[in-house]
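All remarks here apply to the structure that follows.
What follows draws every value from the coordinates through simple rules; no lab data is involved. Being a predicted model, the structure only gives us computed values, none of them experimental. Glycine gets a Cβ as well: all are built from the backbone with ideal geometry, and neighbour counts include every protein chain shown.
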Protein chains: 2
Amino acid sequence: MQKNKSEKYLNIFNSAGAVFAKYGFYKATISQIASRAGVADGTLYLYFKNKDDILYQYISYKTSIVFEKMNDAVAAGKTAEEKLRNLIRCHLQEFQSDRHMAVIFQSEVRYLRDIQSQIKDISKMYLDLLSDIIEQGQIEGSIRQDLFVGLVKRFILGAVEGVISTWVSAGSRYDLVAMADPLVDLYLNGVKEG
Amino acid sequence: MQKNKSEKYLNIFNSAGAVFAKYGFYKATISQIASRAGVADGTLYLYFKNKDDILYQYISYKTSIVFEKMNDAVAAGKTAEEKLRNLIRCHLQEFQSDRHMAVIFQSEVRYLRDIQSQIKDISKMYLDLLSDIIEQGQIEGSIRQDLFVGLVKRFILGAVEGVISTWVSAGSRYDLVAMADPLVDLYLNGVKEG
DNA sequence: TTCTAAAATGAATATTAATTCATTATCTAA
DNA sequence: TTAGATAATGAATTAATATTCATTTTAGAA
């Protein structure tokens with residue numbers, strides 16, 4: 001099993017992403033992944049320990065990249081509102097530009113949560129980012145003091161995931177990033193008239 | 001395969017729910033379900049066509065029950081706000097009182113969406129309920145006119161599912177129904193100060 | 001060009017678990 | 001009480017596919 005990410009490694013990696021996204025982890029077969037990558041079945045085992053390990057590496061890697069970008073996006077904002085807006089936009093942007101990842105995150109994360117506790121859960125990190133933003137907003141005075149942060153952050157994450165989930169189910173045809181501003185407007189102002 | 005729901009059928013049905021919730025559909029085995037139900041492996045095939053059919057019947061049945069209750073809850077409200085509050089409360093109540101169902105809905109629905117198009121998707125029905133409520137609120141004047149209903153309804157569903165998902169991951173230890181009112185307050189008023 | 005190590009192959013193997021069905025047990029009605 | 005029907009059993013079968021490894025191919029050094 002190689003350490004550095006050779007061209008062949010990436011080839012298998014990406015093929016696995018496509019096949020997992022299309023069939024789901026359990027119904028995807030090693031042969032399908034190998035054939036899509038244009039290599040023999042046995043070759044996968046030179047690069048990955050086993051089938052689980054492919055999914056594990058896939059999610060680990062994608063998680064680290066996305067989280068890095070989210071961190072940068074938040075850091076680029078000054079006020080809480082700017083930070084929130086940047087975070088949501090980045091989130092939607094990343095998932096829109098990598099549909100396979102979006103599908104896999106949506107459907108296979110629970111499987112990994114059960115068996116691979118060493119994965120840093122992207123939700124956990126995301127919720128921590130949100131906590132910081134909400135608390136900053138409360139200090140700034142732009143966000144209500146009477147809110148239970150633990151609830152608000154889940155509420156926001158759930159809403160974004162719901163929008164992504166719908167976009168995935170609908171065949172990813174419309175522009176996801178365009179929903180960032182209306183979404184943030186909803187969090188901020190609510191649906192009530194006046 | 002029997003038609004009427006005998007005691008043994010329900011026994012297998014519920015055992016399957018518990019085993020699917022614990023291990024996930026693919027890792028759950030027929031032997032585990034049979035053994036939990038206290039019957040022989042072959043007996044399952046007198047009541048269900050195959051393993052897929054067990055999950056199919058489980059989700060179909062639970063969906064119909066929950067949706068009926070949700071409909072009643074909404075019908076019991078007069079204003080849009082009352083209806084929304086009743087719907088969210090009912091949703092949280094039903095999932096809280098049936099944790100196996102909550103787990104299965106959270107993790108296995110995508111699998112079914114792929115293979116069993118005849119299931120009426122609970123999300124779809126739910127979103128339609130929400131559409132009606134939002135439109136009623138807009139007519140009443142209690143909900144903003146400038147909202148895109150298609151976005152708002154997903155936003156609300158996503159937020160509720162996010163809260164349930166967190167509750168499931170946290171081992172279902174706290175009171176989920178207690179979150180209904182703070183959640184509705186968030187949808188209505190937003191997080192912004194003033 | 002030749003040699004050696006690394007990489008790749010894919011047929012054979014091993015494993016796991018869903019499903020079947022010949023047999024046995026249980027129930028019901030005459 | 002018993003014959004026939006119905007229900008249940010669980011060992012044997014079947015099917016699918018993840019993984020291994022003896023063999024072949026490739027690439028780079030001498």
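Within 10 Å of the Cβ of each residue in A:142-152, the mean number of Cβ atoms contributed by other protein chains is 4. Using the Cβ of B:Tyr174 as centre and a radius below 14 Å, the other residues enclosed give a net charge of +2, where K and R count +1 and D and E count -1.
Oblate is the label for the protein assembly as shown, because the ratio a/c of its alpha-carbon gyration tensor axes (a ≥ b ≥ c) is 1.5 or higher and a/b is not greater than b/c. How much net charge surrounds B:Glu193 when only other residues with a Cβ under 12 Å from its Cβ are counted (Lys, Arg +1; Asp, Glu -1)? For residues surrounding B:Glu193, the net value is -1. Placing a pseudo-label 7 Å from each Cα along the Cα-to-Cβ vector at B:Glu193 and B:Ser172 gives an inter-label distance of 4.0 nm.
Below 8 Å between Cα atoms, with a sequence gap of 6+, how large is the relative contact order for the stretch A:1-48 in percent? This gives 46 percent for the stretch A:1-48. Along Cα→Cβ at 7 Å, what distances in nm separate the A:Lys192 label point from those on the other copies, shortest first? Between copies, matching label points for A:Lys192 lie 1.4 nm apart. Placing R0 at 45 angstrom, the Cβ-Cβ distance between B:Ser97 and B:Asp146 gives a FRET efficiency of 0.75 after rounding to 0.05.
For peptide B:22-30, the mean count of partner chain Cβ atoms within 10 Å of a residue's Cβ comes to 2. Helices meeting the span-like rule in chain B (full DSSP H runs, Cα extent of at least 15 Å along the helix axis, mean Kyte-Doolittle score of 0.0 or higher): B:7-23, B:122-140, B:149-169. Distances between copies at A:Glu140, taken between label points 7 Å from Cα along the C-beta direction, are 3.3 nm in increasing order.
With runs of 4+ DSSP H residues as the only contributors, calculate the mean residue ellipticity of the protein assembly as shown at 222 nm using -39,500 (n - 2.57) per run, divided by the residue total and rounded to the nearest 500.
Values: 18 runs with 276 residues, N = 388.
One gets -23500 deg cm²/dmol as the mean residue ellipticity at 222 nm.
Mean sequence separation of contacting Cα pairs (under 8 Å, at least six apart), scaled by the length of the stretch B:51-189, corresponds to a relative contact order of 31 percent.
In this structure the amide hydrogen of A:Val191, modeled in the peptide plane, comes within under 5 Å of the amide hydrogens of B:Leu188, B:Asn189, B:Gly190, none closer than 5 places in sequence on its chain. Peptide B:180-190 has a mean shielding of 5, counted as Cβ atoms of other protein chains within 10 Å of each residue's Cβ. Electrostatic bookkeeping for B:Ala28 treats Lys and Arg as +1 and Asp and Glu as -1; over the other residues with beta carbon under 9 Å from its beta carbon, the sum is +3. Pairs spanning more than 19 Å between alpha-carbon atoms, out of A:Lys192/B:Lys78; A:Lys69/A:Lys124; A:Lys22/A:Lys62; A:Lys153/B:Lys62; A:Lys27/A:Lys124: A:Lys153/B:Lys62; A:Lys27/A:Lys124. If R0 equals 30 Å, the separation of the Cβ atoms of A:Ser35 and A:Phe67 corresponds to a calculated FRET efficiency of about 0.40. A:Lys27 label point (Cα plus 7 Å toward Cβ) to equivalent points in the other copies: 2.0 nm, shortest first.
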